[in-house]
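The values are calculated or read from the model by the stated rules, or taken from the named source; none is laboratory data. In this text, all values refer to a predicted model and were calculated from it rather than measured experimentally. Note: ideal-geometry Cβ built from the backbone for every residue, glycine included; neighbour counts use all protein chains shown. Just the protein is used for accessible areas: all its heavy atoms, side chains included, with ligands, DNA and RNA removed. Shrake-Rupley method; radii C 1.70, N 1.55, O 1.52, S 1.80 Å.
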Amino acid sequence: MLVLLAVVAGTAAGIVVVRVWRRIRNRRLAALAAGPRRSLLAFVADNGEEGSEDLIAIPDDAWQAALPAALGLLGKLRGDAHSALVSVFLHRGAARAALDDLHARSGVRRARAAQLLGDLELREAVPELCGLLTDRDHEVRVVAVRALGRIGDAKAAWRMIASLDQHDPVPSLLATHALVQMGREAEVVLSAALDHPQARVRAVCLDALGLIGATGAVARMARVLADDEVLDVRVAAAANLGRLGARGALKPLIDSLDPPAPDLLRAAAARALGDLGAPAAVPALAAHLDDAEFQIAHEAAQSLRRLGPPGQSELRERDNDHCREALALMQPELVNAQ
């Protein structure tokens, strides 16, 4: 019993000591960070025009105490203020340290380094970050994709696309967003990847092409719509052709409205024609208002509603549930317009 009491008392004393030590340490860090934080806020308020020398001159221990606040600002700022804060980080050697940490044994250190390099938008780090796309740690791969997207260098597009074809890949939406951030310079690579053997990769590339507005890829996307062996990929091609709003997408989408195209694809094509916004699609859509497949007739009616007066005129000439539903949805629009 005495031994047990001694153990309990020792444990309690240890807990108290640890808590006191942490409290003292936190107070010390808060005191160290107070001055640098004020300098950071003043720096941001001046849009980075003044105060960079003061930030560079901050002692290392005080800078480390204020580093979480500085990193938070770095990830949020844009424009001149961001460029000025990046210059401060570079002068303090943050980029060199982060590049070294990309090869650390700790996954947490690798991920933090990748995030910092992305927030710095350091193009020189792209090759090293691409190496993390096959990292053994899933979270590190996720951070690397985000960092490459933030940097926006299209040279990383092919490596990122290739990394999707591996065990435990990053989420498709994350990869799509990063590829979109690389802009139109990635269009050629994305178009070429539509021949990739993995359906998931083709679908991601289709979404990225649609979101960046790659009108030059319409013909290639139309071939995927017509010939791809995976239905979900063909549906993605239809959706993104509609999103592009290009004239060349009209005929491929109309051709996909009829059998032998699967019903799921026909419905997607009907919806995409509404997104396309081309009045020339009205006759083709009107021909499917009485389609035996509910979803196809529904999408045709909704697309006609979105195509303005020519499509709405067709809806008024028919008397079925799909047309009545679409016309009913027009009433709030008419009230708002008045």
Neighbour count of at most 13 Cβ within 10 Å plus DSSP loop: longest trypsin sites (Lys or Arg not before Pro)-free window in the chain: 137-338
Computed over the chain: relative contact order in percent, which uses C-alpha pairs under 8 Å that are six or more apart: 7 percent
Between 0 and 90°, nearest 10: helix 199-212 axis offset from the chain longest Cα axis: 90 degrees
Rounded accessible area per residue of region 186-338, 1.4 Å, Å²: 46 Å²
Shape of region 96-229, Cα gyration tensor, a/c cut at 1.5: prolate
Folded to 0 to 90 degrees: helix 218-227 orientation relative to the chain principal axis, Cα: 70 degrees
Per residue value of the accessible surface for region 90-165 (all protein chains in place, 1.4 Å probe), Å²: 48 Å²
Carbon plus sulfur fraction of accessible area for the chain, probe 1.4 Å, in percent: 55 percent
Euclidean distance between Cα centres, region 133-171 to region 264-336, Å: 40 Å
Euclidean distance of C-alpha centroids, region 71-107 and region 192-241, integer Å: 36 Å
Point-charge dipole on Cβ atoms (K/R +1, D/E -1) for the chain, about Cα centre, debye to 20: 1560 debye
Highest-fluctuation residue, Ala69, Ala236, Ala199 considered, GNM on the chain with Cα pairs under 10 Å: Ala69
Length-normalised contact order for region 158-218 - Cα pairs under 8 Å, 6+ apart - percent: 37 percent
Cα long-axis angle, helix 294-306 against the chain (0 to 90 degrees, to the nearest 10): 80 degrees
Accessible surface of Val108 - all protein chains present, 1.4 Å probe, nearest 10 Å²: 80 Å²
Structure-based [θ]222 nm, the chain - -39500 (n - 2.57) summed over DSSP H runs of at least 4, per residue, nearest 500: -22500 deg cm²/dmol
